[in-house]
Structure formats: C-alpha cells, structure tokens
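A quick write-up on the structure given underneath.
The values are calculated or read from the model by the stated rules, or taken from the named source; none is laboratory data. Keep in mind it's a predicted model, so treat the numbers as computed, not measured. Here the Cβ positions follow ideal geometry from the backbone for every residue, glycine too, while neighbour counts run over all protein chains shown.
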Amino acid sequence: MSHSPPPASNCEEALIQLKNFGYAFDGEGVLRKVDPATGEPGKELFSYNVSDDAAENEKHYQKLANQIPEIVYALLEKNGLSRTYIPFDQPPERSSFVFSQPAKLSQSKKLLVLIHGSGYVKAGQWARSLIINNSLDHGTQLPYVRQAQKLGYDILITNANDCTRFYNGKENPIKGVNTSVEHTKYVWQNIVLPAKPESVAIVAHSYGGSLTLDLVERFPDFFKESVFAIAFTDAAMGSPQAKNKEYLCDVACDWVASNTPLDTPVSQSKSSIRRISAGHTKHEWTSYSAIDSVFKFIEEKYEQRANKK
C-alpha cells in the first residue's frame, strides 16, 4: 500500500482537506458528505468504498483520516485545554505535545489523566473509526473532558503515538519521547510528579492499559500514595507485578467488550483486576459505552479516599 500524505499542520488546513475529499462535520459532530448544491454537510454519511479497488479505498480512507488529529486538537483547545510541548529542551517543530487544563498543572486537588491506545490515534482520540463512521463524541475523549470539567478535575491528555517529526527530508524520532512508553514516562516524570497532585485518576483504553502498568511499575510509591482510581476500557495488558497486584485490585477496574449489559461482572480470577462489561461487544466502542459507569466508579473511589483522610 502506498504511503498516505502527511497530516494537516493545523485545523483550518485539515477542514479544507476534508472538504476536498467531499466531507465535513455537521453541527452534531457527524462526518457527512458535502451537498454540492449548498457546500454544507448534507445527509449522506461517510462511505469507505470509493472504488472497486480495495487498495484505493484504503488509501482514500487513510488520507481522510490523516485530517482528524488537527481537528481534534483544535476541539480540545476550544474546550479549554492547552498544549505543552515535550521534551522541554526541543524546539516546538521537533517536539511532541500533550494537553492539559490548566496549562501548567500544579498541586491539583483532583487530576484526571487520559491515556489512549496504540496505532494511529493521537491526543484526544479513543477510536478514529468511530470519529469517521459515527461522530466526534463517539470516538474522541471530549465527553470525558466535559464530564471531568463538570466534576472539578484538572485534566491531562497524553499523545503517546506522536513520536516522530518530518524534517531534513525524512521522518525523525522525537528525542526522549520516541516510543509510547518513553512518552508516558517523560510525561509522568516531568509533568505529573513535579506538579504534586493531591489525587489522581486515570482512564486508559486498550494499549493504554499496558502503558499504565508500566507507569505503576516505574513509580509505585507515587501511585500507591496518589492514584486512587484506574479505569481501563478493554485494556491490552499483561499481568501486574506481584508487588503491585493488591494495590491494582483495589483501585482498578476494566470495562471489557462483552455481549452482557453494562456493569455485568465478567469472569476473572480472584487475584486479578476486576472486569465488568462495557455494555458493547466491540473493543473500540468500550470507552464511549462505559463513560457513565467509569465516572461513577471514579467518583465513588474519590469519596472513599476523602473519607479515609
């Protein structure tokens, strides 16, 4: 398959590119075909098949999907979050970035950290396919942002798949954050720990679960002292280290893809993290489907923590 063109460099450019493909988001955040008569989003939804050639269909999809990150970044900023470029010693054009509210985290009473999965998704996204085929609310982290804001949380959004920059004629790894593991480690060491948050909750989807376990293993004292709730959504992760198992079984829950109703317990061993149904059978839907249950869990855990003090 031929390589997709580079993604748009800002939201305005991305929206223009999207329109060039014949698409635009409507007022409800649904991607629709542009009505040629009005130049506005019409009624037709996204169609993957543009050709009889399977490779051509995939190429078209990837080109269109490449426009999504900048659109989501702009929506995060519109919702009050700010970019922090990392690593701190690199110029912005050769850096990655994360989003937070406030712009500089400091002694947050309650901090919510959102960690996406692997692949093409960038900051603010849970599932690119849901953004394209359903709506921005279905596939982005915006519903989590809005709910966290309502509940008085400061917010930090990772960008763990943003590991390269194009310059000198080629893609180059971003020094210090050139893998998703390095990214989350850097964010924790250089943003979270120095900010000295009082109480931290994490929502991690898919491979974000593995990244979270890596953080627990690197910073066990901080986690056991400050991280009171970890909500996984259909996490892709191995077994936690024995020394962290009791802690994780206490603070964590995994909402997994299942054909049973939301919150139905899913079989597990007694010494593993609790697993309950996300209320949907598809992996990529779990974060969207489980959001109300996730926040209920986080708030209950916070209340338990507050009552212990």
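Computed quantities for the displayed model
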| quantity | calculated |
| --- | --- |
| Residues being of a type in the set (Phe, Trp, Tyr) and in contact with a Gly (Cβ under 8 Å, 6 or more places away or on another chain) - total across the stretch 113-140 | 1 |
| Selection count, the stretch 162-208, where residues are within 22 Å of Arg305 (Cβ to Cβ) and touching a Gly at 6+ places or on another chain (Cβ under 9 Å) | 2 |
| Selection from the stretch 264-309 of residues that are charged (D, E, K, R) and buried (at least 17 other Cβ atoms within 10 Å of the Cβ) | Arg275, Glu284, Lys301, Arg305 |
| First in the stretch 198-211 and within 19 Å of Ser226 (Cα to Cα), second anywhere and at pLDDT below 95, Cβ under 6 Å, 6 or more apart | Gly209/Ala236; Gly209/Met237 |
| Which listed residue, of Gln107, Gln147, is more than 16 Å from the chain's Cα centre (by Cα) and closer than 30 Å to Ala306 by Cβ | Gln107 |
| Some residue of the stretch 181-195 being in contact with a strand residue (DSSP E or B) (Cβ under 9 Å, 6 or more places away or on another chain) and over 25 Å from Arg165 (Cα atoms) | yes |
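Per-residue answers, yes or no, for (1) among the hydroxyl-bearing types (Ser, Thr, Tyr); (2) in contact with a strand residue (DSSP E or B) (Cβ under 9 Å, 6 or more places away or on another chain):
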| site | (1), (2) |
| --- | --- |
| Ala8 | no, no |
| Glu12 | no, no |
| Ser47 | yes, yes |
| Asp52 | no, no |
| Glu56 | no, no |
| Lys59 | no, no |
| Thr84 | yes, yes |
| Pro91 | no, yes |
| Leu111 | no, yes |
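For (1) of a type in the set (Ser, Thr, Tyr); (2) within 22 Å of Ala231 (Cβ to Cβ); (3) without any contact (Cβ under 8 Å) to a residue 60 or more places away in the chain; (4) not assigned by TED's automatic domain parsing to the domain that holds His283, each residue gets a yes or a no:
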site	(1), (2), (3), (4)
Leu130	no, yes, no, no
Asn134	no, yes, no, no
Tyr153	yes, yes, yes, no
Asp162	no, no, no, no
Ser180	yes, yes, no, no
Tyr186	yes, no, no, no
Val192	no, yes, no, no
